[in-house]
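S.K.: Could you have a look at this structure, given as structure tokens, before my questions?
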Amino acid sequence: MKIGFIGLGSMGSGMAMNLLKGGHDVTVYNRTRAKAEALVDKGAKVADSVFQACQAEVLCTMLADDNAVESVVFGDGGVLASLGRGAIHISSSTISVALSKRLTEAHARAGQHFVAAPVFGRPDAAAAGQLFVVAAGPSEVLQTVAPILSSVGQRTFIISETPSAANLVKLSGNFLIACVIESLGEAMALVSKAGIDQRQFLEIITSTLFGAPVYKTYGGLIADRKFEPAGFAAPLGQKDIRLTLAAAEELRVPLPLASLLRDRFLTLLAHGGDKLDWSAIGQLAANDAGETG
């Protein structure tokens, strides 16, 4: 399948690589051209513009936030103006529900198709093709792009014909991960101040109560204070909680924990945590308890 791919950050580069491994004809575009050229020896073609990347049956985008997506899609020479009629745009970016609805409507007016396919997993999972994909869009379009989604992920969950539903699921999932990070940080600060080894505590709870990978992954990062390099940067975590709260307000669903997490992220960022992994909010409880060593 002829695919254009825009956005080669820590997640997008791994996803594009796996599309190439899957035998697809992939043309890549990134504002920092060097990131695109790094895939040339793997078989990728490099586009000089968004327009060139859009000369494909399917365009995949993996961008940081709403602003980046809006700029690439709605800007001069952007995706809407460049993608052919009948072509498909798959957005794997974690964006707001409101923007997803706007993209759905705009692509329909242009005679194009839109699929929301955000993913769960960190950069190592993206590189290994082991992401979990949450997809939503018209059923016939999802059937067409199924080989693409299976190339980047180990499993695809199709949840709705309404694309924005996938974005709400993604935001809700990231909200839950942030809750895990905060609660792990608080519990680990508590036992640590009592002189109990955090690693031993983590082994106990992940062997008995919470065996899910999210506890092992983020518990390990908190115990080791390994917040750099960021697999998922703190400003992106703050953005996702903000978008979750916006969706909740629209639906009139109170989310008290999300409000707490918003303030935790703002605290981290106010103290210079912009380049840290979002799991660094798990260190705030220890800081509050005077455990800074």
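S.K.: For segment 168-180, does any single residue satisfy the condition of being outside the structural domain of Met17 (by TED's automatic domain parsing), among the small types (Gly, Ala, Ser), surrounded by 24 or more Cβ atoms within 10 Å (Cβ to Cβ) and closer than 22 Å to Leu221 by Cβ?
M.R.: Scanning segment 168-180 turns up at least one residue that is outside the structural domain of Met17 (by TED's automatic domain parsing), among the small types (Gly, Ala, Ser), surrounded by 24 or more Cβ atoms within 10 Å (Cβ to Cβ) and closer than 22 Å to Leu221 by Cβ.
S.K.: Quick check on Leu221: is it over 18 Å from Thr94 (Cβ atoms), touching a helix residue (DSSP H, G or I) at 6+ places or on another chain (Cβ under 6 Å) and not acidic (Asp, Glu)?
M.R.: yes
S.K.: Something else: If Leu149 satisfies all but one of (1) farther than 28 Å from Gly273 by Cα; (2) out of contact with any strand residue (DSSP E or B) (no Cβ under 7 Å at 6 or more places or on another chain), what's the number of the condition it fails?
M.R.: (2)
S.K.: What's the total number of residues in segment 30-44 that are farther than 14 Å from Gly9 by Cβ and either in contact (Cβ under 8 Å) with a residue 40 or more places away in the chain or touching a Leu at 6+ places or on another chain (Cβ under 7 Å) (or both)?
M.R.: Counting residues in segment 30-44 that are farther than 14 Å from Gly9 by Cβ and either in contact (Cβ under 8 Å) with a residue 40 or more places away in the chain or touching a Leu at 6+ places or on another chain (Cβ under 7 Å) (or both) gives 3.
S.K.: Test Ala56 against the stated conditions and say whether it is over 30 Å from Arg242 (Cα atoms) and either without any contact (Cβ under 8 Å) to a residue 12 or more places away in the chain or buried (at least 21 other Cβ atoms within 10 Å of the Cβ) (or both).
M.R.: yes
S.K.: Residue under question is Asp25, and the condition is that it be without any contact (Cβ under 8 Å) to a residue 40 or more places away in the chain and either more than 30 Å from Gln238 (Cβ to Cβ) or not β-branched (Val, Ile, Thr) (or both); does it hold?
M.R.: Considered against the rule, which asks whether it is without any contact (Cβ under 8 Å) to a residue 40 or more places away in the chain and either more than 30 Å from Gln238 (Cβ to Cβ) or not β-branched (Val, Ile, Thr) (or both), Asp25 comes out as yes.
S.K.: Within segment 213-251, track down each residue that is under 24 Å from Met188 (Cα atoms), among the hydrophobic types (A, V, I, L, M, F, W, C) and without any contact (Cβ under 8 Å) to a residue 60 or more places away in the chain.
M.R.: Result: Val214, Ala223, Phe227, Ala230, Ala233, Ala234.
S.K.: Test Ser82 against the stated conditions and say whether it is at pLDDT 95 or above, crowded, with 18+ Cβ neighbours inside 10 Å, more than 19 Å from Asp66 (Cβ to Cβ) and among the hydroxyl-bearing types (Ser, Thr, Tyr).
M.R.: Against the criterion (at pLDDT 95 or above, crowded, with 18+ Cβ neighbours inside 10 Å, more than 19 Å from Asp66 (Cβ to Cβ) and among the hydroxyl-bearing types (Ser, Thr, Tyr)), Ser82 qualifies.
S.K.: Residues in segment 196-207: is at least one in contact with a helix residue (DSSP H, G or I) (Cβ under 9 Å, 6 or more places away or on another chain), of a type in the set (Phe, Trp, Tyr) and in the same structural domain as Ala248 (by TED's automatic domain parsing)?
M.R.: Yes - at least one qualifying residue is present in segment 196-207.
S.K.: Let me ask something additional. Quick test for you: out of Leu39, Leu8, pick the one residue that is surrounded by fewer than 24 Cβ atoms within 10 Å (Cβ to Cβ), touching a strand residue (DSSP E or B) at 6+ places or on another chain (Cβ under 8 Å) and hydrophobic (A, V, I, L, M, F, W, C).
M.R.: Just one listed residue meets the conditions, Leu39.
S.K.: Now for a separate question. Please enumerate the residues belonging to segment 86-98 that are surrounded by fewer than 23 Cβ atoms within 10 Å (Cβ to Cβ) and more than 10 Å from Leu243 (Cα to Cα).
M.R.: Gly86, Ala87
S.K.: Taking interchain pairs and intrachain pairs at least six residues apart, which have beta carbon atoms under 8 angstrom, with the first residue in segment 105-121 and not assigned by TED's automatic domain parsing to the domain that holds Val79 and surrounded by fewer than 20 Cβ atoms within 10 Å (Cβ to Cβ) and the second part of a strand (DSSP E or B) and of a type in the set (Val, Ile, Thr)?
M.R.: none
S.K.: Starting from residues that are part of a loop (DSSP other than H, G, I, E, B), over 18 Å from the mean Cα position of the chain (by Cα) and of a type outside the set (Gly, Ala, Ser), keep the ones in segment 1-50 and report whichever is nearest to Val145 (Cα to Cα).
M.R.: Met1
The values are calculated or read from the model by the stated rules, or taken from the named source; none is laboratory data. Just so you know, these numbers come straight off a predicted model, no measurement behind them. Here Cβ is always computed from backbone atoms with ideal geometry, including for glycine, and neighbour counts include all displayed protein chains.
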